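To keep things clear, I will list the structure first and then write my remarks on it.
The values are calculated or read from the model by the stated rules, or taken from the named source; none is laboratory data. Owing to the predicted nature of the structure, the values given are computational and were not obtained by experimental measurement. Every residue, glycine as well, gets a Cβ built from its backbone with ideal geometry; the counts of neighbours run over all protein chains shown. Each accessible area value is taken on the protein alone, full model and side chains, heavy atoms only, with ligands, DNA and RNA left out. Shrake-Rupley method; radii C 1.70, N 1.55, O 1.52, S 1.80 Å.
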Amino acid sequence: MPDTYDLIVLGSGPGGYVAAIRAAQLGLKAAIVEREKLGGICLNWGCIPTKALLRTSEIYHYMTHASAYGLSAEKAGFDLAKIVDRSRKVAGQLNAGVKGLMKKNKIAVVEGEGKLSGKGGLKVVKDGKTTELQAKHIVVATGARARDLPFAKADGERIWTYRHAMVPKEMPTKLLVIGSGAIGVEFASFYCDMGAEVTIVEMLDRILPVEDEEVSAFMHKALTKQGMKIHVSSGVEKLEAGPDGVKATLKGGDVQQFSHAIVAIGIVPNTEAIGLEGLGVKTDRGHIVTDGYGRTNVEGIYAIGDVTGPPWLAHKASHEGIVCVEAIAGRTPHPFETWNIPGCTYSRPQVASVGLTEAKAKEGGRQVKVGKFPFIGNGKAIALGEAEGFVKTVFDAKTGELLGAHMVGAEVTELIQGYAVARQLETTEEDLMHTVFPHPTLSEMMHESVLDAYGRAIHY
């Protein structure tokens, strides 16, 4: 007889384990199936360990620029193995934390490869042994993996995906980063700060192409100033790995030699071999099609997170999981929408945004008021020695609705949540203008940017 539950989650990433916890809180008997480590890619191989690496490179940058703060730090150096070890320990600590949460919430953890096996059925295989599970509701949260170049698959030696780039055996001397989304730019930033000569190649006409155009332009200049070489409207036509490096043929026939290459050209959803076809679950270019509550076209089968499509963000997956489970449990959550999901890039400088870019707002027929405020006009930013960057806000000129906010500079990944809350509460420009921001803080720039949109900026 199969083990029976109210709800089974296939995959334990930030969408899956959050969904299981919320199900348990609502009184549902829940199980979670995982083939690798609890916490999924984000916790073990993505969001968290990369931030540990970036923290290391940030501190190393400050060490090598100590004189700017009246300090001296001679012969700054690093131990690559210890850097990687710290990152892995951070991931391990959080993995243990998720295990504790499963135990606390009495969620059954079943290890192995899971596959849908009919209405309400799931088979889990581990070491040749099959376990059968049954539930009225099954949530697919299998995530996604890095996309390979079709003509040069990652080998872990010279050609890397993000997983290889997090546990390098050696420090690249001359690094090629293919793709300039958040993952590509973050690794470019890390390795550049650690001393590698970095080249970024982007097929579109600007780096960080999902961001506001002014942010992209600023980042291009900032990263170039740091010593990176950036090729936009370009591409890699050929990539050949050898024992001593990688030979890359760029668009137009330009041939360059690198010690290593990181491929960061997107993701592929993990929808193969999990039984979707047999049940007739609808997909679109590999991603599972769902409604605003995670429901697929097949009764009893749900999907959340990266496997359902963009934006491919951990916090999007977690929120989807909560909405999905609350709907299953008979609650009445608002259907999930992507209009207010912040995006963050943890490079140096950082990038953060929420809502519409200025261009998207205009394309949608909106008349806009735009405000900007530079870091150089903020006392806290100057005191920190972080005076490069700006905050930009976009408002509907007729209604005062906050349409979007876009930031580049120190700690903006922490600041952006203020605008996300404002949008969730449907705040207008008047509400933001009348809000008191503490001094001296970087957050004052948010206030000044709002004021600037209406010709009222005080400090610039």
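Structure notes:
- For the residues A152, A188, the requirement of being at pLDDT below 95 and of a type in the set (G, A, S) singles out A152.
- Selection from region 418-448 of residues that are hydroxyl-bearing (S, T, Y) and closer than 19 Å to G343 by Cα: Y419, S443
- Of the criteria (1) open to solvent by less than 10 Å² (accessible area, probe 1.4 Å); (2) more than 21 Å from the chain's Cα centre (by Cα); (3) among the aliphatic types (A, V, I, L, M), which one A241 fails: (1)
- Filtered residues of region 210-237 (kept if in contact with a helix residue (DSSP H, G or I) (Cβ under 7 Å, 6 or more places away or on another chain) and surrounded by fewer than 22 Cβ atoms within 10 Å (Cβ to Cβ)): E213, Q226, G227, I230
- Only listed residue being out of contact with any Gly (no Cβ under 7 Å at 6 or more places or on another chain), in contact (Cβ under 8 Å) with a residue 60 or more places away in the chain and on the phi < 0 side of the Ramachandran plot, chosen from L239, L204: L239
- Which listed residue is more than 16 Å from G16 (Cβ to Cβ) and open to solvent by less than 40 Å² (accessible area, probe 1.4 Å), from C344, C324: C344
- Taken over region 347-374, residues that are over 19 Å from L402 (Cβ atoms), of a type outside the set (S, T, N, Q) and open to solvent by less than 30 Å² (accessible area, probe 1.4 Å) amount to 2.
- Pairs where the first residue, in region 120-138, is of a type in the set (D, E) and the second is modelled with pLDDT under 95, C-beta under 7 Å, 6+ apart: E132/P2
- Of all the listed residues (K136, K106, K123), the sole one being open to solvent by 40 Å² or more (accessible area, probe 1.4 Å) and outside any strand (DSSP E or B) is K106.
- Applying the set (1) touching a Cys at 6+ places or on another chain (Cβ under 9 Å); (2) assigned to a loop (DSSP other than H, G, I, E, B) to T413 leaves exactly one unmet item: (2).
- Restricting attention to region 355-382, the residues that are in contact with a strand residue (DSSP E or B) (Cβ under 8 Å, 6 or more places away or on another chain), touching a residue at least 40 places away in the same chain (Cβ under 8 Å), not charged (D, E, K, R) and not in a helix (DSSP H, G or I) add up to 7.
- All told, R147 falls short of being at negative phi, without any contact (Cβ under 8 Å) to a residue 60 or more places away in the chain, open to solvent by 70 Å² or more (accessible area, probe 1.4 Å) and charged (D, E, K, R).
- All positions within region 165-185 that are within 18 Å of V408 (Cβ to Cβ), out of contact with any helix residue (DSSP H, G or I) (no Cβ under 6 Å at 6 or more places or on another chain) and either small (G, A, S) or open to solvent by 10 Å² or more (accessible area, probe 1.4 Å) (or both): S180, G181, A182, G184
- Yes/no for R331 being out of contact with any Gly (no Cβ under 9 Å at 6 or more places or on another chain) and closer than 25 Å to A23 by Cα: yes
- Top-ranked residue of region 386-412 - restricted to ones that are under 24 Å from the mean Cα position of the chain (by Cα) and farther than 16 Å from S353 by Cβ, ranked as least open to solvent (accessible area, probe 1.4 Å): E386
- Note on region 265-283: among residues that are aliphatic (A, V, I, L, M) and in a helix (DSSP H, G or I), the one that is farthest from the chain's Cα centre (by Cα) is L279.
- Counting only helices (runs of 4 or more DSSP H) that sit wholly inside region 4-92, those with at least 3 residues that are in contact (Cβ under 8 Å) with a residue 60 or more places away in the chain and open to solvent by 30 Å² or more (accessible area, probe 1.4 Å) are 16-25, 47-64.
- The set of residues in region 248-264 that are of a type outside the set (A, V, I, L, M), surrounded by fewer than 17 Cβ atoms within 10 Å (Cβ to Cβ) and in a strand (DSSP E or B) comprises T249, Q256, Q257.
- Sole exception among (1) closer than 30 Å to R295 by Cβ; (2) among the hydrophobic types (A, V, I, L, M, F, W, C); (3) without any contact (Cβ under 8 Å) to a residue 60 or more places away in the chain for V268, by number: (3)
- Every residue from region 415-460 that is acidic (D, E) and without any contact (Cβ under 8 Å) to a residue 24 or more places away in the chain: D431
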